[in-house]
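The values are calculated or read from the model by the stated rules, or taken from the named source; none is laboratory data. Not measured: the values here are computed from a predicted model. Every residue, glycine among them, receives a Cβ derived from its backbone with ideal geometry; neighbour counts consider all protein chains shown. Each accessible area value is taken on the protein alone, full model and side chains, heavy atoms only, with ligands, DNA and RNA left out. Shrake-Rupley method; radii C 1.70, N 1.55, O 1.52, S 1.80 Å.
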Amino acid sequence: MSEEQTHPDMSEKGRRQGQEISLDRRLFMKFTAFRGSVEKAESGLAGSGLEGALYRDASDPRGIGIIVLAEDPTVFVTTLRDLFNDSPFSSMVHLPEYDMLGRTYSIGYEPDLVEVLFDRPRRRILDPDLSWAVWYPLQRSKAFYRLSDERQRAILGEHGGIGRRYGEAGLAADVRLACHGLDRDDNDFVIGLLGRQLHPLSALVREMRATEQTSQYLDRLGPFFVGHVAWQSSRRG
């Protein structure tokens, strides 16, 4: 057995001018929700040096949600952990049902992997104009993974086409993260829908319901966190 066969390739793949390209880097994101003061949370985050955004929970008058971005996931168990174990977060009520952890990924045909894995998701999450956000996990049915690659591409193409229409119209932008093995509930992905207005995000979710992927090959969606931006870190780079 060759070395290539015994050692998995962990790099993200793309394609430029007919040639395969690769990059062994990706951006991790962690979503955490609390019941506590927006103003105190903003003060704590602003002085932390962390990259991300703070949301007011649209469903809970005392709820907040925090998304933190880091290339090195160790940040989540050091800097972020220390922050959440200190004031003001230590006195807040943690809402574990909204915990999400995922990583950016490539599909294999993208010509610019830095844009796909880093710049685009950062730009969307830190865009002050995209003030509404819907974050949720999803779990595909195991039957989907037994389909042929061609069949999977066709199913995902239908789903992706709807998202592109909303994106091209300026109604919604998405952030898609893989979370295989990173989620206590065995979810496969974390999705963020971001927009200037809330209604198009709801309409996008509704339209996705009729796709083959959602109607036949998803086991679970949610819980959904719906929030409005209260704070964003400065964009880096």
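Residue 202: assigned to a helix (DSSP H, G or I), of a type in the set (Gly, Ala, Ser) and open to solvent by 60 Å² or more (accessible area, probe 1.4 Å), yes or no? If you could, list the steps in order and put the result at the bottom.
Working: assigned to a helix (DSSP H, G or I): yes; of a type in the set (Gly, Ala, Ser): yes; open to solvent by 60 Å² or more (accessible area, probe 1.4 Å): yes.
Criteria met by residue 202.
Among the residues of region 51-82, write down those that are open to solvent by 60 Å² or more (accessible area, probe 1.4 Å), among the β-branched types (Val, Ile, Thr) and within 19 Å of the chain's Cα centre (by Cα).
Result: 74, 77.
Quickly run through region 95-116 and pick out the residues that are touching a strand residue (DSSP E or B) at 6+ places or on another chain (Cβ under 6 Å) and not in a loop (DSSP other than H, G, I, E, B).
Within region 95-116, 98, 100, 101, 102, 103, 113 meet the criteria.
Within region 83-104, can you find the residues that are under 19 Å from the mean Cα position of the chain (by Cα) and crowded, with 18+ Cβ neighbours inside 10 Å? So that I can check it myself, show each step before the final result.
Of the residues in region 83-104, the ones under 19 Å from the mean Cα position of the chain (by Cα) are 95-104.
Hits for region 83-104 are 95, 98, 100, 101, 102, 103, 104.
Considering every residue within region 106-116, establish whether at least one is within 15 Å of residue 218 (Cβ to Cβ) and either modelled with pLDDT of 90 or more or open to solvent by less than 80 Å² (accessible area, probe 1.4 Å) (or both). Let's see the steps before the verdict.
Start the filter on region 106-116 by keeping residues that are within 15 Å of residue 218 (Cβ to Cβ), which leaves none.
There is no residue in region 106-116 that is within 15 Å of residue 218 (Cβ to Cβ) and either modelled with pLDDT of 90 or more or open to solvent by less than 80 Å² (accessible area, probe 1.4 Å) (or both).
Can you list residue pairs whose Cβ atoms sit under 8 Å apart, with the first residue in region 49-64 being part of a loop (DSSP other than H, G, I, E, B) and of a type in the set (D, E, K, R) and the second being at pLDDT 95 or above and surrounded by fewer than 16 Cβ atoms within 10 Å (Cβ to Cβ)? Count only pairs 6 or more apart in sequence or on different chains.
Cβ pairs passing all conditions: 60/35; 62/35.
Does residue 30 qualify as being modelled with pLDDT of 90 or more, over 18 Å from residue 114 (Cα atoms), charged (D, E, K, R) and not in a helix (DSSP H, G or I)?
Numbers: modelled with pLDDT of 90 or more: yes; over 18 Å from residue 114 (Cα atoms): yes; charged (D, E, K, R): yes; not in a helix (DSSP H, G or I): yes.
The answer is yes for residue 30.
Could you list all residues from region 220-237 that are over 23 Å from residue 95 (Cα atoms), out of contact with any Phe, Trp or Tyr (no Cβ under 9 Å at 6 or more places or on another chain) and not basic (Lys, Arg)? Spell out how you get there, then give the answer.
Taking region 220-237 and keeping what is over 23 Å from residue 95 (Cα atoms), we get 234-237.
Then drop every residue that is not out of contact with any Phe, Trp or Tyr (no Cβ under 9 Å at 6 or more places or on another chain), which leaves 234-236.
Within region 220-237, 234 is the sole residue that qualifies.
Within region 205-224, identify whether any single residue is open to solvent by less than 20 Å² (accessible area, probe 1.4 Å), modelled with pLDDT of 95 or more and either in contact with a Lys or Arg (Cβ under 6 Å, 6 or more places away or on another chain) or aromatic (Phe, Trp, Tyr) (or both), and answer yes or no.
Looking for residues that are open to solvent by less than 20 Å² (accessible area, probe 1.4 Å), modelled with pLDDT of 95 or more and either in contact with a Lys or Arg (Cβ under 6 Å, 6 or more places away or on another chain) or aromatic (Phe, Trp, Tyr) (or both), one finds none in region 205-224, hence no.
What number of residues within region 177-199 are open to solvent by 50 Å² or more (accessible area, probe 1.4 Å) and not in a loop (DSSP other than H, G, I, E, B)?
We begin by selecting, within region 177-199, every residue open to solvent by 50 Å² or more (accessible area, probe 1.4 Å); these are 180-182, 184-186, 196-199.
Now restrict to residues that are not in a loop (DSSP other than H, G, I, E, B): 199.
So the answer is 1.
Does region 82-125 hold any residues that are closer than 20 Å to residue 189 by Cα and touching a helix residue (DSSP H, G or I) at 6+ places or on another chain (Cβ under 6 Å), and which are they?
Answer for region 82-125, where residues must be closer than 20 Å to residue 189 by Cα and touching a helix residue (DSSP H, G or I) at 6+ places or on another chain (Cβ under 6 Å): 104, 106, 110.
Take region 131-151 and flag every residue that is over 30 Å from residue 230 (Cα atoms) and either under 20 Å from the mean Cα position of the chain (by Cα) or surrounded by 16 or more Cβ atoms within 10 Å (Cβ to Cβ) (or both). Let's see the steps before the verdict.
So in region 131-151, the residues over 30 Å from residue 230 (Cα atoms) come out as 140-151.
Result: 140, 141, 144.
Report yes if some residue within region 162-176 is in a helix (DSSP H, G or I), touching a helix residue (DSSP H, G or I) at 6+ places or on another chain (Cβ under 8 Å), open to solvent by 20 Å² or more (accessible area, probe 1.4 Å) and small (Gly, Ala, Ser); otherwise report no.
Yes: one or more hits.
Here are 203, 210, 178, 169: which of them is under 13 Å from the mean Cα position of the chain (by Cα) and of a type outside the set (Lys, Arg)?
Working: 203 fails: under 13 Å from the mean Cα position of the chain (by Cα); 210 fails: under 13 Å from the mean Cα position of the chain (by Cα); 169 fails: under 13 Å from the mean Cα position of the chain (by Cα).
Going through 203, 210, 178, 169 in turn, the sole match is 178.
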